Every structure is written in structure tokens, then in C-alpha cells.
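Before any comments, here is the structure.
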Amino acid sequence: MSEIKRRSVRRGSLAFILVFALSLAIGGISGLTRPTEVAASPASIPAESAQAPGYAGSESCKECHANIIDVWSGTRHSQAFSSPIFQRDWAAEGSNVSCLECHTTGYDRASGKYTEAGIGCESCHGPFQPNHPQQSMSVKPDAELCARCHKQTTDEWRASKHSDAGIVCEDCHNPHSQTPKAETVTALCSNCHKDRGDSFTHGTHANAGLECSNCHMYTSPRTSSPIQGLVPTGHTFAVGSDTCIGCHQDTVHTRDEIIKLSGEVQQLSHVDTATLQQQLDVQNQQIVKLEAQSSVRLYTGLTQGAIIGLLTGGAAAWVVSRGIRVIQVEDDEE
């Protein structure tokens, strides 16, 4: 085989190996990389259907329950689907249809359609009963109903002492207005916790204008968007170090400092002004005495320095002059 042919074969083989290796690398990278989610087209987003079998819609309830419907219409439940925050996050999730189970009423997995946008009456009370009001559409007031959508909140509640005591969601929350069943959060808590204000911690915080929820339902400020809309809600009612850090960055790192400060407050309440004045006079006398001693030490130091300087300087001058005279005598003799 000629040299030209051998070069051609080597170059062809090298080109093949390089292209093959490059293609293999690109294929491997593509296989490890998560494919980009294709945004759902308008046709793929479930549209609100006509009234599904058994569902009548919240407007049908208004004929008899107008006052409740008026209150409900301004709540987060009624705006669970239309909320701009939900619409933004839903689009970011690629219009995931599983979100509609908690953000619409009468959602049907098989067809992907729903009866009503938002959480309407029938989301909790069930589909309309034809012989209502003769047939009741009441709801069992327990956490299992709320847990269908508020799973994280109810999981937190199950870890709390409220759960152990049998205090359920509806004991604190009005289900239609979604507001506390009291004028303020503190007033709500005071229905059961009547003597908490007597303690130092609760009393001082209350005097500072804080509500019970500021500490017992504290959640760290969010720095990023919630994952699938799930965020902590503070329903364990536990106070941790992060709660204190939220306000007391300067003292929370040393537990002894808080104990020390609280102890000083208790001690000061038993000290009269005469005793404090006497202590102040003693401290002032000590300051004057220390200043006098400092002046005496200064003058003494200066005097000692002057004496030592004279003696040392004189000795040095004598040694130098003596050496000069010796050198002069030797020169004269030569």
C-alpha cells in the first residue's frame, strides 16, 4: 500500500473516531438532562364544564343562604382558581391538572373537567341533594375534611397539643369566612389559655403589642417561591429558636443573657432609691480615690525616671570622657 493511501486511511479512521466520540458524548448528555416541559396549549387546559351530574353550583345556594354566599364570595376559597398567585404557579407547573382537585369544585379526573372554579359549597357539603332542605347537607366538623386540600397544615396540627386535646379546625376557624372565631387572635386563644399573661415572657410580649400568633405560629420569611404551593403555616404552635431570632438577634445566641436580663428586672423591683443613691456615692468616692492614686503614680514615675536618667547619663558621660583622655595620653607618649 502506498504512503498516500495509508495517510488517507489513518485520517479517515481518525475523523470517524472523533465524530463517533462527539456524538456519543452529546447523546449521553442529552440522556442525563431533564427534558424541557412543553407548556400546555390552551386546548389542553381543562375548561369549565356544564353542571356535572349531581352538582348545582354555589349560586343555586344563594336563594336560601344569601348571607353565607356573600361572605364566602370574598374569601380565598372562592378565589382558589382565579387567584393571580395560583395562576402564575399553575402555569409554572405546566398547568398540572392534579392542582384542580383542590382549586375547583366537582373536578372529574376521567374527563379533566370541573363544575365550578374555586372552592364552592359543594366542595365541602357534597353534591346537591334534590330533596334538600328536607335532606340535610351538613358537614362533619373534623380535620379529615380539611386535610383533603390542607394536608401540610393538618399534619402540623396533628403534631400539636391542640390535636391531643381534640381541638379541631372549626373550633378556631369560621369555615365560610375563613377568619378566626374572635375579634383578634389573642382573644381567640384566651378562650382557653386565660392565665398566660401572668408570666414574664407572655406579659412583656403582650405589652409590646404582639399577638399570640406572632410567636406560636411564627414562620420564617420566604425567600423563594413555595414548592407546589405548600408552605409552613405554624399550626404546631411550638416556639423554637427561629422564633426568637426573628426579633432578638442580639441576645438569642446566649440563653444565659435572657435569664440574666429577666433576673435583673426582678431584682430591681425590690431595690429602693435610697439604697441606689448610697451605692452611687460609694462608687463616686472610689472613682475619686482611683484618680488621685493615678496622679501620684504618674508623678512618682516621672521623678524616678529623672533620677535614673541622671545617674545613668552621668556614668555614660564619665566612661566616654575617660576613654578620650586615655587615648590622648597614649598619643602624647608616642
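Just a few scattered comments:
- Among the residues of this structure, Ser136 does not count as one that is polar (S, T, N, Q), outside any helix (DSSP H, G or I) and within 28 Å of the chain's Cα centre (by Cα).
- Selection of first residues in the range 201-212 that are in a helix (DSSP H, G or I) and of second residues that are surrounded by 14 or more Cβ atoms within 10 Å (Cβ to Cβ) and hydrophobic (A, V, I, L, M, F, W, C), restricted to Cβ pairs under 6 Å at least 6 apart or on distinct chains, gives the following pairs, ordered by first then second residue: Cys212/Val185; Cys212/Cys189.
- Of the helices (runs of 4 or more DSSP H) entirely within the range 60-117, those holding at least 2 residues that are exposed (fewer than 12 other Cβ atoms within 10 Å of the Cβ) occupy 66-72, 84-92.
- Among (1) buried (at least 17 other Cβ atoms within 10 Å of the Cβ); (2) assigned to a helix (DSSP H, G or I), the one test that Glu170 misses: (1)
- Neighbours by Cβ (under 6 Å, 6+ apart or cross-chain): first from the range 173-189, farther than 20 Å from Tyr218 by Cα; second aromatic (Phe, Trp, Tyr): His176/Trp72
- Qualifying residue in the range 47-58 (condition: at pLDDT below 90, in a strand (DSSP E or B) and touching a Phe, Trp or Tyr at 6+ places or on another chain (Cβ under 8 Å)): yes
- Taking the listed residues Ile26, Ile17, the one that is of a type in the set (A, V, I, L, M, F, W, C), at pLDDT 50 or above, over 29 Å from Pro175 (Cβ atoms) and loosely packed, with under 13 Cβ neighbours inside 10 Å is Ile17, with no other qualifying.
- Residue count for the range 182-213 under the criterion of being loosely packed, with under 14 Cβ neighbours inside 10 Å and in contact with an Asp or Glu (Cβ under 7 Å, 6 or more places away or on another chain): the result is 1.
The values are calculated or read from the model by the stated rules, or taken from the named source; none is laboratory data. This structure is a prediction, so every number in the text was calculated from the model and none was measured. Here Cβ is always computed from backbone atoms with ideal geometry, including for glycine, and neighbour counts include all displayed protein chains.
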